[in-house]
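Comments concern the structure below.
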Amino acid sequence: MTLDKDCVFCKIVKGELPSYKVYEDEKYLAFLDIHPILAGHTLVIPKEHSQDLLHTSPAERDGLLEVVAKIAPTIVKEVNATAFNIGINIGRDSGQVVFHTHVHIIPRRHDDGMMNWKHQTVNEAEFPRIAERIRKGL
Ligand code: AMP
Ligand code: ZN
């Protein structure tokens, strides 16, 4: 398995750093985020080191999402939440600070005071041009 000796999450995988584990199998690990947005905030990671989701294999991505789907309902139930957000930050400007692929599971409840992203009203005339650029770029 590829591990990075300086990576915080690899150290958790190796047991060199402590964590509050909630799930583990051969390929994946889930543990509580040490600075939770809300109680029960959990990180799911592949044990194999990669810097972000775009640097994982399709099979690993599928497996990661499977673990998220498997454990999220129990997290929600056990912290008395009613819903959850899944978050994946890719790139420093998105807020990614740990460069080992991870998915945030953030329990939510009605009136929890958390703000979702603020949507903007923009000039709809821009949409065809933006969509076309993306389509052509793919
Ligand atoms: P991101 O901003 O997507 O890179 O998120 C990284 C997350 O890892 C942050 O929410 C941190 O609070 C969390 N984190 C960093 N170090 C640890 C650690 N040793 N144990 C648990 N969570 C951690
Ligand atoms: Zn790592």
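Do we find a residue being β-branched (Val, Ile, Thr), more than 19 Å from Ile86 (Cβ to Cβ), more than 10 Å from ligand 1 (Cβ to nearest atom) and surrounded by fewer than 16 Cβ atoms within 10 Å (Cβ to Cβ) anywhere in the range 1-17?
Yes, because at least one residue in the range 1-17 is β-branched (Val, Ile, Thr), more than 19 Å from Ile86 (Cβ to Cβ), more than 10 Å from ligand 1 (Cβ to nearest atom) and surrounded by fewer than 16 Cβ atoms within 10 Å (Cβ to Cβ).
Could you check the range 5-74 for strands (runs of 3 or more DSSP E) lying wholly inside it with 1 or more residues that are more than 12 Å from the chain's Cα centre (by Cα) and of a type in the set (Lys, Arg)?
21-24
Collect the residues in the range 23-39 that are away from ligand 1 (no atom under 13 Å from the Cβ), touching a Pro at 6+ places or on another chain (Cβ under 9 Å) and under 25 Å from Glu60 (Cβ atoms), keeping them in residue-number order.
Passing the criteria: Lys27, Tyr28.
Right, Asn89: in a strand (DSSP E or B), modelled with pLDDT of 95 or more and surrounded by 14 or more Cβ atoms within 10 Å (Cβ to Cβ) or not?
For Asn89, the condition - in a strand (DSSP E or B), modelled with pLDDT of 95 or more and surrounded by 14 or more Cβ atoms within 10 Å (Cβ to Cβ) - is not met.
Look through Leu38, Leu54 and report the one residue that is more than 9 Å from ligand 2 (Cβ to nearest atom) and in contact with a strand residue (DSSP E or B) (Cβ under 9 Å, 6 or more places away or on another chain).
Testing whether each residue is more than 9 Å from ligand 2 (Cβ to nearest atom) and in contact with a strand residue (DSSP E or B) (Cβ under 9 Å, 6 or more places away or on another chain) leaves just Leu38.
Check the range 79-95 and report whether any residue there is of a type in the set (A, V, I, L, M), closer than 30 Å to Asp4 by Cα and touching a strand residue (DSSP E or B) at 6+ places or on another chain (Cβ under 9 Å).
Yes: one or more hits.
Give the residue that is nearest to ligand 2 (Cβ to nearest atom), with candidates limited to residues of the range 102-129 that are in contact with a helix residue (DSSP H, G or I) (Cβ under 7 Å, 6 or more places away or on another chain) and either open to solvent by 100 Å² or more (accessible area, probe 1.4 Å) or hydrophobic (A, V, I, L, M, F, W, C) (or both).
Taking the candidates together, the pick is Val103.
The values are calculated or read from the model by the stated rules, or taken from the named source; none is laboratory data. Computed from a predicted model, the values in this text were never measured in an experiment. Cβ: placed from backbone, ideal geometry, glycine included. Neighbour counts: every protein chain shown. The area values use the complete protein model at the heavy-atom level, side chains included, leaving out ligands, DNA and RNA. Shrake-Rupley method; radii C 1.70, N 1.55, O 1.52, S 1.80 Å.
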